[in-house]
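Each value in this text was obtained by applying a stated rule to the coordinates, not by laboratory testing. In this text, all values refer to a predicted model and were calculated from it rather than measured experimentally. Using ideal geometry, Cβ is built from the backbone for each residue, glycine included, and neighbour counts are taken over all protein chains shown.
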Amino acid sequence: MSDLTSARTGVIHDIGYQRYQGPRLGRDYALRSLYTYSLRSAFGLGRSFKSKIVPMTLGAFFIGPALLFTVLRSQGLETVTYIEFPAALTIPSVIFLALVAPELVSRDLRDRTLPLYFSRPLSRTCYALAKAAALFSALMLLLSLALLIMYLGAVFSVEGGLTGVLDETGDFLQGLLNAAILTAVPTSLSILIASLSGRRVLASGMVVALFMITAPVSTLLQEAAGSEDLQRLAGLLDPLTLTSGVTAWLFDVENYATYLTETSPYGLLYTLAAFILTVGSLLLLVLRYRKVAS
Amino acid sequence: MRLNTTIMRITMRSMLSRKRALLLIPMPLLLIVLTVLCANSSSIATAEWVEVLIGDLGVAVVLPLTALIIGTSVLGSEIEDGTITHILAKPLPRSEIVLSKLVVAFVLTMVTAAVPLGITGAIAGSNSFAVALLVGCTVAALAYSAFFVALSLLTRRPLLVGLIYVLLWESTLSALFKGIRNLSIQQYAISITDRIDNSDLLISDLSVTVAVVMSVVFTVVGTLVASDRLRSFNLTGEAA
């Protein structure tokens, strides 16, 4: 360095450009901007019409069943409850994650735009968490919209006056909370997996493979397990069975994962596992972005 | 219709370069490892694990997913990168380009999905089951490849359509509505396997005639549609 400074011959002339004197918006602003931008791009907002095709098709897979269930319920038929709804839409959710997660992270890796982000006050950790939050919010937005449709349909046809409406509202809010818990695990896993590849096709494939391979493997182990205890533990392998177990334990649902009752220690174990899985994948995501070549 | 060895070589190289090839290995490897584990385990009946492992995992997930990733990449990655212009600028019949790409996609899918499935078949049952599974999956690999290559030219979002086809149409809807099985490549694979081998490890109620005829239809129509789409291919593409 000293050689360079001593041999320096060039001079930087002040050619009269005005310096920026206004307020600096700082890291929080950058984080917020990145989050909003990512959330918008998940739905193709601010992009061409062609980019909106994917989110619109996927949205239809969420809204369609919601409308169907609303109509069925208004006819007095027994349908899916708010709590069961996210599990009923597992496949559309997996497709959504497989297509949107790479859209959020793989493009930046591939186009080498990361150095542009990191040259701002935005830190690497912030970037990773903003992307994860955007994916979570995107899926959550679709699920809440679908649940809201079901709720509105129910609230106008519910019997029993104000108490009926209040009960319905309680169920709806519980459903929202459940959806948030159920969304956290798969989204954090998906964004981590997607961040491993700059090729969107491969990233999508890996996300689908994660969910679609663990499910039969877990089923297989449950069948092969000798004891009941082992059987319950095998359910931990599949992120989607895992989240169903959490729902069953937290909200006392009988329909699926029937072996998880409130008194069983496994409900707590499942919930802990879901928590560790979420936090763990977020940590790994942060680590991944600490090292990623930019 | 001829094959172009240069296009095939370049495609093969781009598909197998660096880490990318490694990503195709875990799925079939996992399948074989699990099969070996199950075959040596005494606590679960063969018919049970074959249904889950070969049926639900192998034929329903590994085969279509591999075919989807490879089939949409052979032409799709060139479109995405813009290198398709170099190929289109050469004085080659479009059918030759499509056919060369299709052969590469088929061979790769076969090696990374159909052959491992055949191996699991050999571990699971008799040699005849292995051969039957290999034949069934090879036919399906060809049909899937042609379908997904055509898809990558028909739509800008081949992955969306492909995933909906594999996960919703073939897996979910065909379980609800039996008629859909007539349009499910996965069912063709199972039907052909069931017909060649009579050990009843995989059972399909789809007639084998329908399966064979429809596999041919998928392959031929896919190839023709892809050639036709490439003939009038719009180079400007979408605004990012």
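Okay, helix-only estimate at 222 nm for chain B: each DSSP H run of n ≥ 4 adds -39500 (n - 2.57), divide by all residues, round to 500 deg cm²/dmol; what do you get? Walk me through the numbers on the way to the answer.
Numbers: 12 runs with 157 residues, N = 240.
Helix contribution divided over all residues of chain B: -21000 deg cm²/dmol.
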Original post:
How many angstrom separate the Cα center of region B:175-204 from the Cα center of region A:17-57?
Top reply: 48 Å
Original post:
What net charge do the residues around B:SER95 carry, taking every other residue with its C-beta under 13 Å from that of B:SER95, with Lys and Arg at +1 and Asp and Glu at -1?
Top reply: +3
**OP:** For helix A:26-42, report the angle its Cα long axis makes with the longest principal axis of the Cα atoms of chain A; keep it between 0 and 90° and round to the nearest 10°.
**Re:** 50 degrees
Original post:
For chain A, with the dipole built from +1 on Lys and Arg beta-carbon atoms and -1 on Asp and Glu ones, taken about the Cα centre, which of A:MET56, A:PHE96, A:ALA194 lies farthest toward the positive end?
Top reply: A:ALA194
**OP:** Just tell me how shielded A:207-214 is by partners: mean number of partner chain Cβ atoms within 10 Å of each residue's Cβ, no decimals.
**Re:** 5
Original post:
Taking +1 at the Cβ of each Lys and Arg and -1 at the Cβ of each Asp and Glu, which of A:PRO23, A:SER33, B:VAL149 sits farthest along the dipole of the protein assembly as shown towards its positive end, judged by Cα position relative to the Cα centre?
Top reply: A:PRO23
Subject >> Size of charge dipole - region B:5-231 - debye, nearest 20, with Cβ of Lys, Arg +1 and Asp, Glu -1, no other charges >> reply: 960 debye
**OP:** Report, in degrees rounded to the nearest 10, the 0 to 90 angle that the Cα long axis of helix A:265-291 makes with the longest principal axis of chain A.
**Re:** 20 degrees
**OP:** Using θ = phi - 60° and the Karplus relation 6.51 cos²θ - 1.76 cosθ + 1.60, list the HN-Hα couplings for region B:49-60 in order, rounded to whole Hz, with x at every Gly or Pro.
**Re:** 6, 5, 4, 6, 6, 7, x, 6, 9, x, 6, 8
**OP:** In whole angstrom, note down how far apart the Cα centers of region A:167-216 and region A:111-152 are.
**Re:** 13 Å
**OP:** Compute the FRET efficiency between B:ILE196 and A:ARG290 as 1/(1 + (r/R0)^6), taking r as their Cβ-Cβ distance and R0 = 60 Å, and round to the nearest 0.05.
**Re:** 0.70
Original post:
Taking the Cα centre of the protein assembly as shown as the origin, how large is its charge dipole in debye, to the nearest 20, when only Lys and Arg (+1) and Asp and Glu (-1) carry charge on their Cβ atoms?
Top reply: 3140 debye
Original post:
In sequence order, what are the phi-derived ³J(HN,Hα) couplings for region A:110-127 according to the Karplus relation 6.51 cos²θ - 1.76 cosθ + 1.60 with θ = phi - 60°, rounded to whole Hz, with x for glycine and proline?
Top reply: 6, 7, 6, 8, 4, x, 5, 5, 6, 7, 8, x, 5, 8, 5, 4, 4, 4
**OP:** Could you compute the FRET efficiency for B:SER128 and B:ILE203, with r as their C-beta to C-beta distance and R0 at 22 Å, rounded to 0.05?
**Re:** 0.90
Original post:
Along the Cα-to-Cβ line of A:PHE118, 7 Å from the Cα, sits a label point; which residues in region A:270-293 have backbone N less than 17 Å from it?
Top reply: A:284-293
Original post:
Which of these, B:ARG195, B:ARG229, B:ARG157, has the largest mean-square fluctuation under a Gaussian network model of chain B (Cα springs below 10 Å)?
Top reply: B:ARG157
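Can you give the FRET efficiency for A:GLN231 and A:GLN18, using 1/(1 + (r/R0)^6), R0 = 60 Å, r = Cβ-Cβ distance, to the nearest 0.05? Write out the running numbers ahead of the final one.
On the way: r = 71 Å, r/R0 = 1.18.
After rounding to 0.05, the efficiency reads 0.25.
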**OP:** Over region B:1-134, consider all pairs of different Cα atoms and compute the Kirkwood hydrodynamic radius from their mean reciprocal separation; express it in Å, one decimal.
**Re:** 16.3 Å
Original post:
Expressed as cubic angstrom per residue, what is the convex hull volume of the alpha carbon set of region A:149-208?
Top reply: 87 Å³
Original post:
Leaving out same-chain residues fewer than 8 places away, which lysines sit with a Cα under 21 Å from that of A:LYS291?
Top reply: A:LYS131, B:LYS19
Subject >> Largest to smallest principal axis extent of the C-alpha atoms in chain A, angstrom >> reply: 84, 50, 33
**OP:** Considering only A:ASP171, A:ASP111, A:ASP238, give the residue with the highest GNM mean-square fluctuation for chain A, with springs between Cα atoms whenever their separation is below 10 Å.
**Re:** A:ASP111
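Could you give me D for chain B, from Stokes-Einstein at 10 °C and 1.306 mPa s, where the hydrodynamic radius is the Kirkwood radius over C-alpha pairs? Units µm² s⁻¹, please. Mind dumping the intermediate values first?
Working: Rh = 18.3 Å.
Reported coefficient: 87 µm²/s.
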**OP:** Quick one: give the max-minus-min coordinate of the C-alpha atoms of the protein assembly as shown along each principal axis, largest first, in Å.
**Re:** 87, 75, 46
Original post:
Once label points are set 7 Å from the Cα along Cα→Cβ at both A:THR125 and A:SER33, what is their separation, rounded to one decimal in nm?
Top reply: 2.2 nm
Subject >> Size of region B:93-145 as Cα extents on the principal axes (Å, biggest first) >> reply: 45, 14, 13
Original post:
Of A:PHE85, A:PHE96, A:PHE251, which has the largest mean-square fluctuation in a 10 Å C-alpha GNM of chain A?
Top reply: A:PHE251
**OP:** Using only Cα atoms, locate the centre of region B:94-152 and the centre of region A:273-289, then give the distance between them in Å, rounded to an integer.
**Re:** 36 Å
**OP:** For region A:87-232, just the Cα set please: Rg and Dmax, both in angstrom.
**Re:** 19.6, 59
